[in-house]
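Reading through the structure tokens given below for one structure.
The values are calculated or read from the model by the stated rules, or taken from the named source; none is laboratory data. Here the structure is a predicted model, which is why all the values come from computation and not from measurement. Positions of Cβ are backbone-derived with ideal geometry, glycine not excepted, and every protein chain shown enters the neighbour counts. Note: areas computed on protein heavy atoms with side chains; ligands, DNA, RNA excluded. Shrake-Rupley method; radii C 1.70, N 1.55, O 1.52, S 1.80 Å.
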Amino acid sequence: MATSIPDLYPSYCAICGTKDNAVELYPANFSMDALTPAVFSARRLPDHIHYRMVRCNQCGLVRSDPIVRSDILSQLYSKSTFEYDEEVGNLKLCYGKYLSSLSSYNAKKDSILEIGCGNGFFLDEAMKQGYKKIRGVEPSLNAVERASPEIRPLIECNVMHEGLFRGDEFDVICMFQLLDHIPDPKKLLDECYRVLKPSGLILCINHNVDALSAKILGERSPIIDIEHTYLYGRKTLSRLFSEAGFNILGKGYALNVVSPHYLAWLLPLPNAMKSFLLNIMKLAWIRRRRMTLPLGNIYLIAQKQSTTVKEPYVNET
């Protein structure tokens, strides 16, 4: 595999802002030929390719370094495909549970935005839970085309960027397994802060780089992936949101609702062996089974401050 790859650019620590104060965890193991829409499609069969991975010596944030330009990433995601139809029902149960938990934090249900909404299955769940104004953002044209006729008009086929929505527009913003993919998370959180109403809530579910499974599997963990520009633990995720001006209201280890087929997908096996196992798992009596398990994810609930005026974030690196 290539160790020196052209057309990549140094990343920076999204918390400390430094570029060089980091230790290498894993060397890069891919070539530029791997940068295809198929590789950047959600829940594809893991191929265990990744950028060079480093950990910040100052704050502990794990990131890919160097990485491809943001505009190329946007193009890859726009051409990616929606690959996880069979898990949609389980994901609706899982994410719906965490959405309903926002009632404990006095969430208002006038408006909700999901960033990275796929085919809009969660937007349908939010509608069922009584949210009135429903919006989504999703870069994949294929995913948006596969949304239901009722949900499709509610989705912006785009990446989240400044000016896409009005300021103070949403009561709730949700991001599920999204933040790992974002090359400039501070910029994204700054925009989330702007479009949230005062005292609005943000719900984030993410991979946990400090999970026991990630530590045991190391480089073979499915979260060590070329799609992931940053990987967070509980401390680094909380610090990222706090430094973006949010108050942290709740955080913890998230439970997943999964099928045996998805568990097999996670196993660090050779692709040929995994494909054989996945075909077995597609048998009807196995496919219908459902389990709730801790699979190395974390959740965070944060709130926009009600009165403080926050200065916009500017990336000067």
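Details
- Checklist (1) under 22 Å from ASP65 (Cα atoms); (2) at pLDDT 90 or above applied to ASN256, failing item: (1)
- The lone exception for LEU35 - which of (1) surrounded by 16 or more Cβ atoms within 10 Å (Cβ to Cβ); (2) within 21 Å of GLY218 (Cβ to Cβ) it fails: (2)
- Yes/no for LEU25 being in contact with a helix residue (DSSP H, G or I) (Cβ under 9 Å, 6 or more places away or on another chain) and part of a strand (DSSP E or B): yes
- For the range 104-123, taking the residues that are part of a loop (DSSP other than H, G, I, E, B) and more than 17 Å from the chain's Cα centre (by Cα), the one that is surrounded by the fewest Cβ atoms within 10 Å (Cβ to Cβ) is identified as ASN106.
- Single condition PRO222 does not satisfy, out of (1) within 28 Å of LYS304 (Cα to Cα); (2) in a loop (DSSP other than H, G, I, E, B); (3) touching a helix residue (DSSP H, G or I) at 6+ places or on another chain (Cβ under 6 Å): (1)
- Of residues in the range 179-212 being open to solvent by 10 Å² or more (accessible area, probe 1.4 Å) and of a type in the set (D, E, K, R), the one nearest to ARG239 (Cα to Cα): LYS186
- Qualifying residue in the range 83-101 (condition: within 18 Å of the chain's Cα centre (by Cα) and in a loop (DSSP other than H, G, I, E, B)): yes
- Selection status of LYS215, part of a helix (DSSP H, G or I), surrounded by fewer than 21 Cβ atoms within 10 Å (Cβ to Cβ) and modelled with pLDDT of 90 or more: yes
- Cβ pairs under 9 Å, 6+ apart, first in the range 129-146 and without any contact (Cβ under 8 Å) to a residue 12 or more places away in the chain, second assigned to a loop (DSSP other than H, G, I, E, B) and crowded, with 18+ Cβ neighbours inside 10 Å: GLU145/PHE82; GLU145/ASN119
- Flag if CYS204 is at negative phi, outside any loop (DSSP other than H, G, I, E, B) and in contact with a Leu (Cβ under 7 Å, 6 or more places away or on another chain): yes
- In the range 65-78, the residues that are open to solvent by 30 Å² or more (accessible area, probe 1.4 Å) reach residues that are of a type in the set (D, E, K, R) with C-beta atoms within less than 8 angstrom, at least six apart or across chains, in these pairs: PRO66/ARG52; ARG69/ASP7; SER70/ASP184.
- Subset of the range 166-178 [open to solvent by 10 Å² or more (accessible area, probe 1.4 Å) and of a type in the set (Phe, Trp, Tyr)]: PHE176
- Within the range 218-274, the set of residues being among the hydroxyl-bearing types (Ser, Thr, Tyr) and either within 26 Å of VAL54 (Cβ to Cβ) or surrounded by fewer than 19 Cβ atoms within 10 Å (Cβ to Cβ) (or both) comprises SER221, THR229, TYR230, TYR232, THR236, SER238, SER242, TYR253.
- Residue in the range 40-57 that is open to solvent by less than 20 Å² (accessible area, probe 1.4 Å), modelled with pLDDT under 85, under 30 Å from LEU277 (Cβ atoms) and not basic (Lys, Arg) present: yes
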